[in-house]
Amino acid sequence: MTATTAETRSAPTGHPQRWLILGVICLAQLTVLLDNTVLNVAIPSLTTSLHASTSDIQWMINAYSLVQSGLLLTAGSSADRYGRKKMLVTGLALFGAGSLVAGLAQSTAQLIAARAGMGVGGALLMTTTLAVVMQIFDDTERVKAIGIWSTVSSLGFAVGPLIGGFMLDHFWWGSIFLINIPVAVIGLFAVAALVPESKNPSGDRPDLLGALLSTIGMTAVVYAIISGPSHGWTSTHVLLSAAIGVVALAAFAAWELHTPHPMLDMHFFQNQRFIGAVAGAILVAFGMGGSLFLLTQHLQFVLGYDPLDAGLRTAPMAVTVIALNMSGLGARLLPKLGTPGTIATGMTALAAGLAALAVLGGNHGYGGMFVGLVVMGAGIAIAMPAMANAIMSAIPPEKAGVGAGVNGTLAEFGNGLGVAVLGAVLNSRFSALIPAAVGAASLPAALAAAKDPAEKARIADAFASGVETSQLVGAAAVLAGGLLAAVLLRRAERTDTPAAA
């Protein structure tokens, strides 16, 4: 301990090539984050080329995020124990191989499997890149470095649809995955040459059973949500899947309480500040992921934009997040409003933006959508720094890495849940308005089966109504979650104040 402290103080500027290394790992992280959003603009192409149904599309998106979220904590633990550089190289290799398989896939099943494989590599990259940042920067520069690392998340959210749209305008849909391969190869050589190895041999063992149970539980629950509209919410198919998910998650919680090396310390959930911040983190990701899934389909299917134009029109939300994050708006509001007030303000703005998308968007054009996206971006920029601070302050400093892993896991799960829940609401509303289209697995299929232009217009209107309903449901969920998070955080502050006194 003393030797490590002395070594840190003797090298106050950190690793001599730290900024170059940061650039390399941010490039790797950006590639992983792009794949959370790049697939959205390819939905019409996949529907046509692979005859993918709406449920298939949802699984193509969720296979990546669910596998990644299920493995984030275990990946971080493995990196600490076996070597962060080693796991970074492994993650790049798996991600590159999965991208190759995805780009050459000939069926929806192959693409879903490839996306799941990419999720494994993505989990290793997401946790290991942050661990390397913590290793190579000293205290004076670490905050700035982590700020750059964090901004890449919003940049990936913004650039994903743009890159996807550009590639689809010039190449076939598989190109959106093949562009990952050169980045992975460059990253492999750069990591091997630049990144120093580090590990903690006395670190906790990977919680393999916990990772398995959490992945099974989340996958089964989301599968029930996705298949509910087509099979019926009370069908044996859906109820069995939901039951498996609930049992697996309950077993996960029980195992984590008793294992000496838990992936997630369940005692954190006794802290109201932690619970409040977690609720907010999940629902911000829920609103972002679900709204982008709905918006890209609405822009292309209903308003008739091509993939690149659709990608450009989704960018204002993420651009707003980046601009306000770089200006430090959230950090300046936090001491003035307090953590509960800042989170409530940000989540209310996010909910208002979602509602604006529903009410002002519709079939009337893009102007109302632009307003909604900017308001959503402002809400995210205000709420996210406060939530990250609340999560980390609720966890002992010696377990800060676990806190970061929890935050990443919940964000990924919230994104997948947003796609699943809001997609299910869309399908249910669409099927209710156009019963004849129930047999059609997607909007393009329903339009193709239409007998005349009037029927096509009615089907398009029904789809737009489904999108509007889904966005309003998302707005209500985000607003309720924001108020709940604020109440819990305020109560936790009141409980802590007498103890501090």
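Readers should treat all values here as calculations from the given coordinates under stated rules, not as data from a laboratory. Fair warning: this is a prediction, and the values are worked out from it, not measured in the lab. In this analysis, Cβ positions are derived from the backbone assuming ideal geometry, glycine residues included, and neighbour counts consider all displayed protein chains.
Just a few scattered comments:
- For the stretch 227-306, projected area of the alpha-carbon convex hull averaged over all directions, nm²: 8.3 nm²
- Ranked packing of 256-269, 73-86, most packed first, by mean Cβ within 10 Å: 73-86, 256-269
- In terms of its C-alpha gyration tensor, the stretch 155-200 comes out prolate, because a/c is 1.5 or above and the ratio a/b outweighs b/c.
- Taking the average, over residues, of other Cβ atoms within 10 Å as the packing measure, peptides 474-485, 342-353 rank 342-353, 474-485 from highest down.
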